[in-house]
């Protein structure tokens, strides 16, 4: 019998805000040492009250708009109760009854054509801290407590691991280009709900949930393992499937039971009286819409029209920094295709040579535009342009003065070229003799000698013309 | 700074109860579980008093998390014989000018009534809760004990008004506490509540009513059946919120930690078993139960609906009356009792006080009776009390 795999996803994404969700401590990635981004509020001391970070609402709404959700104008917070040392208040502030976004949809391009995945809801919540185990003790690090998260919950619409990974990559590139999250390792975490049913069946099979995975590769392996485990259980009655929570062990590549439904915690959710309902009025929503970055799909159309390849587009939309560099360079009058090559091929080459990534790229759109223009108007040749780029990227050089210093500028005046030609002619009597005897190759050698003498400066065709004139008149 | 006993007080100063934080001063909320905890910051109300030049001379004992009748179950101050609230007794003695207390389940109002001083629980959202050891966030509010309405007005003018650090703080910078003419005002006595009190208490309410009438105030006795369900709803909400808010006291971060544990579960269980008294444990269990999956809809969620119904009903009543006059306690004194009886005793006794917490209206205790009004009607309540107090002078 053939089986259909049914998967629903809960994805937690850490938001790129400057401060935490309910206090003014530095937000995601601000901390350097354990517990150095902690205040009485996010360490659960009595007397402190949560105060909502407006930016979190704006980023959550932006994410909702990108995923075609309804934005709920009335949204509230609830408390989720459980004890764990990394949760200082013993409750997490999250959204249960009135999440900020509901009923969205995202279209995936898969090998089997376009697939629509329905988004059930997006809600805002605070992250927990971290436990560090050492020797006989465990230590608590509260730097991550109250870092803002959004959780994106899909309907059970995925039918393969491939679709899940495509979806996650799409979220990642959308959120990075939208400034919602950097989505680096660990900042995007997934719970996967999975069940299996005979093909054609409408009923869902027994569902298990695999908790807290952050690498896409692990997610893919976990889904493959878990779906096969379900199929084996049904097909060969290897075991009885029960609804339960499992975890994926990266080393063995297997999933293991954590707890089943009977022993599942009752989180005793209830409304948080310390946070008033948030009302998103028309004015605020319009403001958020106006500031929303161009949707990825629109950008893709633009890039395709400019002749940029699929692979390059992937690079651009997954990195906000380089796509804005490209846009800014184009705004300064450069051609999109041209600028894309300079960034994605030439800049990338320089970075690769130094063992760096785009995140380390230091170049302004202004400097890049100057280089591109100098090459295009013949001031320097393309190879010289690359040299300038290296100097700019590695040492922050000014492109124009660097060209002058290094004599890369091809617009050397005619008198200077003529004196070089005269020098070359006087130093190569044998070649002149050969030329006079009709050996055209000798002219070629003389031209090469001139070019060497000029160290690449000057326009080659102009030099050739001057040299030919001299030889003709001999 | 020390906990108060009568000798060490300075008559011009202000005392705050031990659920209000003062920077670098131990704050226990009367509980063993917070023993040794020192706050890193001061409550907004404390800062405002200090900024206006008031001196805060010390803290007063409270019953553990303010859950008892008048403060009888403090870990640090066991009471015997006749019970009294520490802050109210200080004010009654004239040892301090005024005191601040957190009104969450009527402890403060009952204390004031027993000691014969005034206490105002202000409209919810008018006084910052920043720096208050919170139990029931949706209905607790810092209030003022003083000998009379004028004393309350003076302190309220300082502590009330918007605070950015409290998300439930209302936007207004100041409120009206002025003492005005009350002739022509209309007050109602609630028959159902009066019937719950003993004769001595009834006499107090009636005497207060007579005094009002002599000053041109109309007083009617009316029937209103909202107070009983309001109390049940508030006991459910209050217990649930308290259960949640005290769950952070787990021995991991501060306060008491049991010495007997081999793993994290034992650390939690033993710390909390040792740290909380029987009444707090009862409230935690009750609160946990009403929030559990099977009971949420019938208990917690229904209480939220009752809150709406009571609010609408009382505000409707307030279209015809300027204030509601009720007893504060069922009797004029309490004797020490066994803590195992506390949960039921407090539950029943709170029928007089719960409504104000549930729907956020102001409640003023004066002369052993209680006046409640619609939101922001403190000025009317203080004026009514003032006219009666002045007559007594």
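Out of all the residues in the stretch A:146-161, which are outside any strand (DSSP E or B) and closer than 18 Å to residue A:105 by Cα? Before the answer, list the steps.
Our first condition is that a residue be outside any strand (DSSP E or B); within the stretch A:146-161, this holds for A:146-147, A:155-157, A:159-161.
Answer for the stretch A:146-161, where residues must be outside any strand (DSSP E or B) and closer than 18 Å to residue A:105 by Cα: A:155, A:156, A:157, A:159, A:160.
I'm told residue A:236 meets every condition in (1) closer than 30 Å to residue A:51 by Cβ; (2) modelled with pLDDT under 90 except one. Can you identify the failing condition by its number?
Condition (1) is where residue A:236 drops out.
Just for the stretch B:263-277: of the residues that are within 11 Å of chain A (Cβ to nearest Cβ) and free of Cβ contacts under 8 Å to residues at least 40 places away in the same chain, which one is farthest from residue B:104 (Cα to Cα)?
B:263
Do you know which residues across the stretch B:18-56 are within 24 Å of residue B:152 (Cβ to Cβ) and either free of Cβ contacts under 8 Å to residues at least 40 places away in the same chain or not in a loop (DSSP other than H, G, I, E, B) (or both)?
Residues satisfying the conditions are B:20, B:22, B:44, B:45, B:46, B:47, B:48, B:49, B:50, B:51, B:53, B:56.
Residues in the stretch B:319-329: is at least one in contact (Cβ under 8 Å) with a residue 12 or more places away in the chain, part of a helix (DSSP H, G or I) and over 30 Å from residue B:116 (Cβ atoms)?
no
Out of the residues in the stretch B:145-170 meeting the condition of being out of contact with any strand residue (DSSP E or B) (no Cβ under 7 Å at 6 or more places or on another chain) and part of a helix (DSSP H, G or I), tell me which one is farthest from the other protein chains (Cβ to nearest Cβ).
Filtering first and then ranking leaves B:150.
Among B:330, B:311, B:303, which is out of contact with any strand residue (DSSP E or B) (no Cβ under 7 Å at 6 or more places or on another chain), within 14 Å of another protein chain (Cβ to nearest Cβ) and at pLDDT 95 or above?
That would be B:303, the only listed residue that is out of contact with any strand residue (DSSP E or B) (no Cβ under 7 Å at 6 or more places or on another chain), within 14 Å of another protein chain (Cβ to nearest Cβ) and at pLDDT 95 or above.
Do any helices (runs of 4 or more DSSP H) entirely within the stretch A:347-416 hold 1 or more residues that are without any contact (Cβ under 8 Å) to a residue 12 or more places away in the chain and in contact with a strand residue (DSSP E or B) (Cβ under 7 Å, 6 or more places away or on another chain), and if so, which?
none
Does the stretch A:264-322 hold any residues that are more than 28 Å from residue A:172 (Cβ to Cβ), touching a residue at least 12 places away in the same chain (Cβ under 8 Å) and away from chain B (no Cβ under 14 Å), and which are they?
As a first pass, look at the stretch A:264-322 and keep what is more than 28 Å from residue A:172 (Cβ to Cβ): A:264-277, A:279, A:281-283.
Those still in the list that are touching a residue at least 12 places away in the same chain (Cβ under 8 Å) too: A:264-265, A:267-272, A:274-275, A:277, A:279, A:281.
Hit for the stretch A:264-322 is A:281, nothing else.
Would you please name the residue that is nearest to residue B:157 (Cα to Cα), looking only at residues in the stretch B:36-45 that are in contact with a strand residue (DSSP E or B) (Cβ under 6 Å, 6 or more places away or on another chain) and at pLDDT 95 or above?
Across the stretch B:36-45, the extreme among qualifying residues is B:45.
Can we say residue A:83 is facing chain B (nearest Cβ under 9 Å) and buried (at least 18 other Cβ atoms within 10 Å of the Cβ)?
So residue A:83 does not fit the description; no.
From the list A:279, A:210, which residue is at pLDDT 90 or above and loosely packed, with under 12 Cβ neighbours inside 10 Å?
A:279
Kindly indicate whether any position in the stretch A:308-331 is at pLDDT 85 or above, exposed (fewer than 12 other Cβ atoms within 10 Å of the Cβ) and part of a helix (DSSP H, G or I).
Among the residues of the stretch A:308-331, at least one is at pLDDT 85 or above, exposed (fewer than 12 other Cβ atoms within 10 Å of the Cβ) and part of a helix (DSSP H, G or I), which makes the answer yes.
Among A:185, A:217, which is the only one that is under 23 Å from the mean Cα position of the chain (by Cα), free of Cβ contacts under 8 Å to residues at least 12 places away in the same chain and under 29 Å from residue A:144 (Cβ atoms)?
Just a single option satisfies the conditions, and that option is A:217.
Are any residues in the stretch A:21-64 out of contact with any strand residue (DSSP E or B) (no Cβ under 7 Å at 6 or more places or on another chain) and more than 14 Å from chain B (Cβ to nearest Cβ), and if so, which ones?
Within the stretch A:21-64, A:29, A:30, A:31, A:32, A:33, A:36, A:55, A:58, A:59, A:62 meet the criteria.
What do you reckon, is residue B:240 in contact with a helix residue (DSSP H, G or I) (Cβ under 8 Å, 6 or more places away or on another chain) and away from every other protein chain (no Cβ under 12 Å)? Walk me through it before giving the result.
Details: in contact with a helix residue (DSSP H, G or I) (Cβ under 8 Å, 6 or more places away or on another chain): yes; away from every other protein chain (no Cβ under 12 Å): no.
Judged against the criteria, residue B:240 is not a match.
Condition check ((1) in contact with a strand residue (DSSP E or B) (Cβ under 7 Å, 6 or more places away or on another chain); (2) within 14 Å of chain A (Cβ to nearest Cβ); (3) not in a loop (DSSP other than H, G, I, E, B)) across all residues:
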{"position": "B:172", "(1), (2), (3)": "no, no, no"}
{"position": "B:205", "(1), (2), (3)": "yes, no, yes"}
{"position": "B:228", "(1), (2), (3)": "no, no, yes"}
{"position": "B:234", "(1), (2), (3)": "no, yes, yes"}
{"position": "B:244", "(1), (2), (3)": "yes, yes, yes"}
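Can you tell me which residues in the stretch B:25-35 are touching a strand residue (DSSP E or B) at 6+ places or on another chain (Cβ under 8 Å) and within 11 Å of another protein chain (Cβ to nearest Cβ)?
Selection gives B:27 alone.
Within the stretch B:12-24, identify whether any single residue is away from chain A (no Cβ under 14 Å), out of contact with any strand residue (DSSP E or B) (no Cβ under 7 Å at 6 or more places or on another chain) and modelled with pLDDT under 95, and answer yes or no.
yes
If a residue counts only when it is modelled with pLDDT under 85 and under 29 Å from residue A:406 (Cβ atoms), which helices (runs of 4 or more DSSP H) contained entirely in the stretch A:417-474 have at least 2 such residues? Give the steps one after another, and end with the answer.
Working: elements: A:429-436, A:440-454, A:460-472.
Counting at least 2 such residues, we get A:440-454, A:460-472.
Quick check, is residue B:290 in contact with a helix residue (DSSP H, G or I) (Cβ under 6 Å, 6 or more places away or on another chain), within 14 Å of chain A (Cβ to nearest Cβ) and under 21 Å from residue A:272 (Cβ atoms)?
Values: in contact with a helix residue (DSSP H, G or I) (Cβ under 6 Å, 6 or more places away or on another chain): yes; within 14 Å of chain A (Cβ to nearest Cβ): yes; under 21 Å from residue A:272 (Cβ atoms): yes.
For residue B:290, the condition - in contact with a helix residue (DSSP H, G or I) (Cβ under 6 Å, 6 or more places away or on another chain), within 14 Å of chain A (Cβ to nearest Cβ) and under 21 Å from residue A:272 (Cβ atoms) - is met.
Select, from A:136, A:143, the only residue that is buried (at least 19 other Cβ atoms within 10 Å of the Cβ) and either under 11 Å from residue A:13 (Cα atoms) or out of contact with any helix residue (DSSP H, G or I) (no Cβ under 6 Å at 6 or more places or on another chain) (or both).
A:143
Taking the stretch B:130-144 only, how many residues are touching a strand residue (DSSP E or B) at 6+ places or on another chain (Cβ under 7 Å) and within 13 Å of chain A (Cβ to nearest Cβ)?
Initially, the stretch B:130-144 is screened for residues touching a strand residue (DSSP E or B) at 6+ places or on another chain (Cβ under 7 Å), giving B:131-132, B:140-144.
Pick out the ones that are also within 13 Å of chain A (Cβ to nearest Cβ) and you get B:131-132, B:140-142.
Residues meeting the conditions: 5.
Does residue B:200 qualify as being closer than 20 Å to residue B:370 by Cβ and surrounded by 15 or more Cβ atoms within 10 Å (Cβ to Cβ)?
no
Every residue in the stretch B:286-301 that is farther than 17 Å from residue A:82 by Cβ, free of Cβ contacts under 8 Å to residues at least 60 places away in the same chain and part of a helix (DSSP H, G or I), please.
Listed by number, the residues that qualify are B:286, B:290, B:297, B:298, B:301.
Please count how many residues of the stretch A:14-60 are within 23 Å of the chain's Cα centre (by Cα) and at negative phi.
Number satisfying all stated conditions: 20.
Please indicate, with yes or no, whether at least one residue in the stretch B:113-123 is part of a loop (DSSP other than H, G, I, E, B), within 14 Å of chain A (Cβ to nearest Cβ) and surrounded by fewer than 22 Cβ atoms within 10 Å (Cβ to Cβ).
No: zero hits.
The values are calculated or read from the model by the stated rules, or taken from the named source; none is laboratory data. Please read all numbers here as calculations on a predicted model, not as lab measurements. Backbone-built Cβ (ideal geometry, glycine too); neighbour counts: all protein chains shown.
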